[in-house]
Each structure stands twice: as C-alpha cells, then as structure tokens.
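Please read the structure below before turning to the comments.
Only the coordinates and a few stated rules stand behind these numbers; no lab work does. Source: prediction; values computed, not measured. Heads up, the Cβs are rebuilt from the backbone with ideal geometry, glycines too, and the neighbour counts pull from every protein chain shown.
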Amino acid sequence: MTEYRRQVLRQASPMVLGDLVGVLVPLVVVALMSRMGDDSLYIRSLFTPIMFVIIALHAGLAVPNQVASALSGDDAESRIRALAGFARIGAVASVVVLLLLGLAAPGMGQLFGVDAGAQSDFVWFVRWVCLAALLGLGSVLCGATLRGAGRPREGAAVLLAAAAVEVVGVAALGLPGGLGLGLWSVPIAIAASGVVGSALGGYLLWRTGVWQPGTSLAWRPDLLGLLAGVGLPVFASYVAIFASNFALTWVVSAFGATVVSGFAVAYVVQSVVIVAGVAIGAATAIVANQYRGVGESHRMPGVLRAGLQVTAGFYVVCALLVWTGRDWLARVTAADPAVAAEASRYLGIVAPTFVLMGLVLAALTVLEQVGGGPLAIVLNVVYFGGIVAVGGYLARSAGAPEPLYWTIAIANLFGIAAVFATVLFVRRRAGTATPETTEHDQEAREAAAWRE
C-alpha cells in the first residue's frame, strides 16, 4: 500500500500544478482584459460558455489518449499509434465543432444579448479564437501521452509552457503599455501557446524516449472504443459541470448583484480547491491502468484505496485551511465588503464538506478512466442535477441563497455513495472478491517471492 501511495503521489504532484495553472490562466486573462477597457471584458465574459465547450472537447480527447498511453505498458509503438490516432480524430472533431461554433456566432450573439455596437467584434472574436484553439490540440495530446507513459513532470511542463505563453502574450500584445491590440491579443496568444506547447511536447516525447523517429503511426481500431467509453463520458461530465455552474448562477441572480458576485467569488475558490481531487483521481487512474496494461489488474483496488487515502489526507488539511481562513480569502478575492461577506458565508457552510467533495471527484475521475464512463455520467447528472433542482427550488422558495448552500453541502455528504460505487466497479474490473482479499493475496505473493 505504501508503494501504491508513492506511485500516486509521484504521478499526482506535477499534475496538480499543471491543472491548477490550467484553471488559473483564464482568470488571469480575464483580469488582464479588465485593463483593456469595458468592451474587451464584456465580450470575453460572453465568450466564456463557448470556451467551456472547447475545454470539454480537449478533455474528451486528451483523457482517452492518456488512458491508451497508460494501458500500452512497455509497448512504445502502441502508445505513439494512439497519439497519432487521437490527433486524427481530434483534428476532424475540432474542425467540425469549432466550425459550427464559428458559423453560429451571430446567432449566439443575439442569444446572449450582445449590444449592437459589440456584435461584430463578438462574432469575429469567436471565430478567431475557435481557429486559434485548433493549434492547442497538439499540446493537450502530447501532455496526455507523457502523463500516461509515467512522465508527469514532462506532461506538466508542456501545460506550464503553453500557459506562460498565453498569459505573457495577452499582456504584451493587449495591454495599453504593450502593443495595445486589446481584445485581439487573445486569439494570437492562444495560437502562439498552442504552437509552443505542441513543439515542446513533441521534443519531450523524443527526449524521454517515449517516441522514436520511424515509429509506426498506423491506425488503431480500438481507439474508437476508448473514445466512446472514456472520451464521450468525460466530455459529458464537463458539460454537466459547466451547465450546473450557469444554472446555479441563474438561481442566485434572484437575490441581487451582491449575492451573485459573492457566490462567484466563492465558486472561484472552490474551483481552485477541486483541482487537486481531479488530478489525484487522474493520477490514480493512470497508475491503475499501467498495471492493467501489464496484466496486473489485481492491483487496481489497492491503487484506488491508496489514491483515496492521499485525497482524504490532502482535503482534511485543505478544508480546515479554507474554513478557518474563509474571511481572509473572501477579502483577498473581493474588494467589496458585502461581496466578501457573501463569499465567506458560502465557504462557512460548504468548506467543511470539501473532504467528501474531494473524495467524490477523485472517485468519479477514476471511474471515468477505468471503463466506468456511463456510470460516471449518471452519477454526475444525479449529483449536479440534484443540487440545481433541489437547491434552486429551496432557495427561490425561501427568498434567500442559504438553502442552496446547505443543499450543496448535503449533496457532498450523500455524494460519498459515488465512492462506494467506484470501489465496487474497480473490484469487479479487477476480478476480485474484496479489496482486502486483493491486498492479502498480493502481500502473500510478495512474501513468498522474497522467501524464494
């Protein structure tokens, strides 16, 4: 078990950093755009739902590629063929989805109520960013292949480099002190970050020996199964999360701008907090799939238990720090005292349940990546849909947001059922009766091997 924990921690540590940067970059870009004028920030804010679709699309392609890489074991050719295959799938899917978004931009502008004076800028901003996002697919897939191959630091380096180029590009090209391109610095920076990330990813694949020139890039027919069994559930889960965020914002909109802003601030803090749960879950799934790839599926329940232990240890500390420091966090992230007070109220109710929320997120992430995608979709829909439906009804009926906050906290409590569902699924996947049996048998085998 100790060895499993070390493996999960080794995989998870750089992934947490990389994923955290991925969450913070859009926030930093929005902060930079707030210095470029109200019109730039207005258009960028309206574009956020479309950006969520792009993020979900990239995740739906990167995660099955990561799973394929981990399952490849020592078969380097199979790993690179998976990367090449998902690059082909991703290119086609990205062109189709992003083309549809670009063509639908005028209609979306009307749907979002874009001012007539900003309509043209919004339409062309959407189209140029969608075009630039095509170049980001390479860095996403290369990073996923490196993580699945047991190279989490190199995978994180790809994401960090791409993020740095995007932030520096927006600042240098868009701010008044730079070239002053304003809004249009964003698609340029996104395109540049995609090119740099892809180039660095290709270099690191070669430098680490994961890819060797001349390796076959032939199509792998099984990739379509991974796309359907892993990629589509991941995409659907992201869509469910994003949809619930918008629905919750609509619920609290009935209580005034202060509540909406306070809720948004608290949700930003929560979004940063949940990064670790998803990253540890992904790291746990990678280690489990690496064992599956070499025919040692019996180790999967032990790996899952180790991953959940790491998650619980992290979130006990995290929940305590956020709950005790909620007033300070709220004041740091919100200048308005009333907004800070609302954010602190949310964290005071929900933060103590972050331990359970972290376990749920880690478990669902594992479930998505070890073949339980359909079940993960159901659990995600029940979890997030229940919060929106029940919490929204109670809050609107009470005329105050607190019932919604308590609903989220209680949902985290009952969400622990997702952890048990994941344990049972992994146990069946491993072909064992109980996790205890698996650990006992493994320890017996190791002891026998040592005596011999």
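Values as computed for the structure displayed
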item	result
Among [x] 15, 27, 24, 18, 10, 5, 1, 0; [y] 19, 39, 27, 15, 1; [z] 24, 57, 18, 1, the entry derived from the coordinates for P(r) over Cα pairs in 20 Å bins from 0, in percent	[z]
Furthest towards positive pole of dipole, 201, 106, 117, structure part segment 34-220, Cβ charges	201
Contour excess over end-to-end distance, with Cα ends at residue 23 and residue 99 and 0.36 nm allotted per residue	24.9 nm
Peptides ranked, highest mean first, by Cβ atoms within 10 Å: ranges 416-423, 372-379	372-379, 416-423
Cβ-placed point charges (K, R +1; D, E -1), dipole of segment 34-220 about Cα centre in debye, nearest 20	460 debye
Neighbour-count ranking [beta-carbon atoms within 10 angstrom, fewest first] of 77, 154	77, 154
Of the DSSP H helices in the chain, those whose Cα atoms cover at least 15 Å axially and whose Kyte score averages 1.0 or more	38-71, 76-111, 137-148, 152-174, 185-207, 232-252, 257-293, 300-324, 354-369, 373-386, 416-430
Inverse mean reciprocal Cα-Cα distance (Kirkwood Rh) of segment 34-220, Å	17.4 Å
Euclidean distance between Cα centres, segment 103-179 to segment 377-403, Å	32 Å
Burial ordering of 2, 145, 353, 215, fewest other beta-carbon atoms within 10 Å first	2, 215, 353, 145
Ranking of 74, 336 by count of other Cβ atoms within 10 Å, fewest first	74, 336
Between segment 189-219 and segment 308-370, the alpha-carbon center distance in angstrom	36 Å
Debye, to nearest 20: dipole size of the chain, +1 on Lys, Arg Cβ, -1 on Asp, Glu Cβ	440 debye
Protection proxy ranking of 126-137, 359-370, 98-109 - average other beta-carbon atoms within 10 Å, highest first	359-370, 126-137, 98-109
Protection-proxy order for peptides 269-282, 250-263, 387-400, each taking the mean of Cβ atoms within 10 Å per residue, highest first	269-282, 250-263, 387-400
Length added when fully stretched, residue 116-residue 327, from 0.36 nm per residue minus Cα-Cα	71.9 nm
Mean separation of Cα contacts under 8 Å, 6 or more apart, over the residue count of the chain: relative contact order %	20 percent
Relative contact order, percent, segment 74-186 [alpha-carbon distance under 8 Å, six or more residues apart]	20 percent
